[in-house]
Amino acid sequence: MAEKPDENKVNRMMELLQTLISKRVSLHEWTVRALRCYHNAEYDEFVHLLKSAIKYGPSSYASYQADLLKVHTLLAAHYIRMTQQEPTSARAQLAQQVKHHMHAIDSLPASAESKERRLLLCRGFALLHQPQLADQYFRSVLQQQPYCLGALIGLACLAYNQAEYRVALGYLKTLLLRYPDAPAHVRVGIANCLLQLGELERARKFFTLAKQQSPHCIDALLGEAQLSLNKCERPSVIMGISYVCAAYAINHRHPHVLSWLCTYFYYRRDYNNLLVAAGNAFVNANTPQLRAQSCYQIARSYHAFRNFDRAFNFYGHAVRMRAKNYAPPHLGLAQIYIRRQQLQQAYQELRIVLQLLPQHRFSMLLLSTLYGELGQLQLSVQTFQQCQEDIASCLGLAVSYERARLFPQAISAQQSAINVWSKKQTAQPVPSEWLNNLGALQFHNSELQAALQTFCNALLQPQGKLNALTLIYNKARVLEEQHLHQQAELLYLQLLKNFPNYYSIHLRLGAMAYKCKQFKRALHCFQTVLQLDKNNVLARQFLAHYYVQLGDISQALFQYNVSMCRAELKSDCYMLIAVGNVCLLKLQKSLADGQVILAEQVLQQALMLYKKALQHNGSNLWAVNGIGAVLCTQGHLTVGSQIFKQLTDFNGGAMLNAGHVALELQQYTEAITAYRICLELPALHMPVWKIRQLLASALMEDGRLEEAKQELLKARHVAPQDDKVLLQLALIIKQLASDSFKAESADFEQLSRAERELSIARSIFLHLETNLEHRHTAHRQAKKCAKLLEHAPEKLQLLKQRTEIAVQENKEKKKHKKHKKRKTKNEAGTTTS
């Protein structure tokens with residue numbers, strides 16, 4: 001609220017004006033009276049008198065022009081001084097007044113002008129924006145008065161504005177030596193020069209001297225506040241804030257003071273006062289720089305209030321006011337763009353920030369994270385590595401490595417963050433979230449024992465309820481992966497007591513039951529998940545796998561189709577290919593049942609699904625593999641074979657399909673090679689024993705019966721319940737025994753072993769006669785074995801007799817040879833005698 005003017009003072013001024021006007025005194029007398037008011041700090045009266053002198057003073061005396069020049073000079077000098085002292089938006093109005101009076105001086109006749117020092121100084125300070133002209137005026141004054149205070153200050157201002165801080169410091173020191181009682185702003189100027197030169201302690205000394213000389217010097221208080229706050233230590237920060245508060249008490253409209261208060265309110269999270277202070281600073285700001293800073297502070301307050309649209313607008317205002325030379329609002333815009341998922345615009349803003357502030361740590365961290373979001377993981381890693389090795393950069397680096405699936409490097413980066421924390425926070429335990437992330441990375445890198453130890457260490461620390469849930473769940477996942485199903489199940493059940501609706505636990509229990517062939521229990525778990533979350537995609541996928549295992553193709557397709565009704569999954573490549581694969585299974589069943597029309601429809605549906613997956617991802621090898629399978633089903637075996645051969649380096653399923661096609665095309669050597677490679681590949685959808693069975697078929701067709709027999713024995717060891725393996729094994733045993741009986745070179749021992757194996761094959765065939773699927777084949781083969789066994793004793797007896805005769809003849813030969821040798825020796829001895 002404005003102060004009420006003093007009525008007595010107003011009355012005295014009115015009386016003085018009436019007296020001066022009635023007596024028609026010269027402008028010189030008006031000037032003398034005005035200067036008295038000025039020296040008494042009655043600045044309004046000073047201005048009022050001089051303006052009244054111009055309007056009402058006489059103009060018919062000889063020295064009128066000189067006196068008028070002096071009046072305009074005094075007014076211009078006053079307004080220049082007020083302009084330098086006034087930091088608010090009123091400065092523009094004062095500058096306009098200076099311009100008006102300088103124009104009035106210029107309009108006076110040239111004979112009226114003089115080289116009066118006051119006029120030259122006015123011209124110099126009025127033309128500070130034109131350094132060369134201002135310099136000429138100041139030096140003209142120094143020619144008249146070598147140590148003129150105003151001229152030295154003017155030259156120091158020019159040098160400071162041109163970043164010639166040592167030159168400015170020289171002028172100000174000269175002035176201070178000549179005038180020890182110079183205004184406090186001289187010492188503030190020296191402190192600012194020292195501050196720019198990096199001499200912080202000397203700068204602090206001069207700020208203190210200026211404050212001692214003039215306790216109300218705001219610039220001195222702000223200088224000391226800046227030096228104290230920059231130390232970033234609690235005592236110095238408290239001291240700096242006290243200086244800012246003292247400056248605010250002196251002038252609560254000073255934009256620099258308000259700007260410092262905005263920063264203080266921001267770090268105190270006092271956003272309401274921040275918004276008020278920033279608004280006042282904007283209203284009172286007198287330069288584009290201060291207005292831009294105020295807009296930035298307003299934007300920060302709205303940003304903190306989560307009013308992102310208004311924050312975005314004010315960040316934009318701040319950028320436009322300072323063009324592209326003010327980095328903070330660009331950083332704010334980048335954050336808003338990231339929130340809006342406009343990543344390219346955010347990238348451009350961050351590049352501007354780093355051009356202005358090349359080593360700005362937060363911007364580099366944000367840019368690194370942005371590279372990761374854009375999929376440029378190598379650039380993300382490189383940018384993180386350029387940052388100083390601290391906790392934030394190590395954690396970000398770990399995330400980038402994890403996205404690139406470079407788990408060893410991610411583990412190293414996560415461990416580095418933990419080490420930095422341990423060094424800085426010796427009294428505080430490592431955050432359990434970090435240990436959880438480290439354990440998850442070790443889990444993905446197949447370091448199961450290390451992951452288990454990490455989760456156990458994390459659980460030893462005090463935990464919140466949700467953190468404990470995550471850690472125990474992850475520990476159970478590690479135990480599950482180590483095939484310690486009982487221990488994992490105990491942990492899952494323990495979690496279910498406290499979190500009965502946590503459907504991920506039901507999913508894991510169902511997955512374990514499925515692996516252990518406990519299909520009914522697995523079905524119950526998956527159905528429980530769908531009761532808790534009917535849109536759970538994983539549960540429906542598991543159910544689809546379950547129904548495929550049972551041979552219920554219709555139910556499997558139903559589960560997939562329910563999931564694909566969701567908009568985000570209609571173009572999901574995994575779902576498209578999974579449904580296509582189930583369609584191929586339905587195709588096989590339809591062909592087996594003789595439903596040719598249905599088989600053709602299913603075939604076209606599978607082909608359509610694979611093509612759609614390729615449209616969304618042209619490099620999807622599983623889709624190409626599926627198309628190859630469709631072509632083979634249509635009889636285009638050669639084309640399908642070429643497709644599979646091109647995929648074999650990237651896709652184990654394609655290698656398996658290549659083996660199937662080669663077997664179908666009677667290319668047994670290629671089929672054998674493909675199946676042997678498949679046995680070395682991990683995570684194929686077909687069990688290993690089935691691959692061995694197919695390999696045995698290829699070997700048998702290639703005439704390598706003994707190798708086929710060994711592969712079937714290995715398959716039989718893994719899958720003793722499969723009658724197809726048993727039938728195939730019996731057929732090979734029977735064939736090997738039959739070949740042995742037919743071979744003319746077979747000895748008695750080989751035939752004896754063949755007889756025993758033939759008996760075993762017959763026993764297997766007799767056992768398989770109880771199987772409806774293999775009854776006729778088993779019965780026919782059992783008869784053949786019996787027939788071979790009927791002739792076996794006779795052939796064995798004949799071979800035994802032949803063997804005995806051969807042995808006897810061999811003995812006779814050896815005996816005759818020995819007798820002949822002895823006789824030859826005796827004859828040789830008789831001749832010698």
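The values are calculated or read from the model by the stated rules, or taken from the named source; none is laboratory data. What you see is a predicted model; the values in this text were computed from it and never measured. FYI the Cβ positions are ideal-geometry reconstructions off the backbone, even for glycines, and counts take in every protein chain you see. Ligands, DNA and RNA are stripped out before the accessible areas are found, and what is left, the full protein with its side chains, is counted by its heavy atoms. Shrake-Rupley method; radii C 1.70, N 1.55, O 1.52, S 1.80 Å.
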message = With a 1.4 Å probe and all protein chains left in place, how much of the accessible area of the range 337-424 comes from carbon and sulfur atoms, in whole percent?
response = 49
Sequence ranges 594-602, 467-475, 365-373, 131-139, ranked by mean other-Cβ count within 10 angstrom, highest first = 365-373, 467-475, 131-139, 594-602
remark   = Once Lys and Arg are counted +1 and Asp and Glu -1 for all other residues with Cβ under 13 Å from that of L496, the total becomes +1
query = Which entries of K70/K211; K520/K589; K586/K734 show an alpha-carbon separation above 30 angstrom in the structure shown?
reply = K70/K211; K586/K734
request  = Write down the accessible area per residue of the range 280-361 in Å², having rolled a 1.4 Å probe over the full set of protein chains.
outcome  = 51
message = Among 764-777, 143-156, how do they line up by average Cβ neighbours within 10 Å per residue, starting with the highest?
response = 143-156, 764-777
note = Plugging the Cβ-Cβ distance of R81 and E201 into 1/(1 + (r/R0)^6) at R0 = 30 Å yields, to the nearest 0.05, a FRET efficiency of 0.40
query = Taking the Cα-to-Cβ direction at Q145 and at V596 and moving 7 Å from each Cα, how far apart do the two end points lie in nm?
reply = 12.0
task = May I ask you to give the percent of accessible area on the range 481-520 that is carbon plus sulfur, with a probe radius of 1.4 Å?
result = 54
ask   = Expressed in nm to one decimal, what extension gain is obtained for the pair Q463 and R339 from 0.36 nm per residue of sequence separation less their Cα-Cα distance?
value = 41.6 nm
message = Leaving out ligands, DNA and RNA, and with a 1.4 Å probe, what % of the accessible surface on the range 271-315 is carbon or sulfur?
response = 49
remark   = For F558 and K612, extending 7 Å from Cα along the Cα-Cβ vector and measuring point to point gives, in nm, a value of 2.0
message = What number comes out for accessible area per residue over the range 134-219 if the probe is 1.4 Å? Units Å², please.
response = 52
inquiry  = Within the range 420-454, list the residues whose amide N lies under 11 Å from a label point set 7 Å along Cα→Cβ of E389.
reply    = 420
request  = Using a 1.4 Å probe and ignoring any ligands, DNA or RNA, find the accessible area of R24 and quote it in Å² to the nearest 10.
outcome  = 150
query = Want the number for E15 to N273: 0.36 nm per residue separation, take away the alpha-carbon distance, what's left?
reply = 88.1 nm
task = Describe numerically, in nm with one decimal, the distance between label points set 7 Å from Cα along Cα→Cβ at T287 and at D723.
result = 9.6
ask   = How big is the accessible area of T31 in square angstrom, nearest 10, if you roll a 1.4 angstrom probe over the protein chains?
value = 0
Full-extension gain in nm, T174 to R36, via 0.36 nm per residue minus C-alpha separation = 46.6 nm
key: Heavy-atom surface of the range 486-614, accessible at 1.4 Å and reported per residue (Å²)   = 53
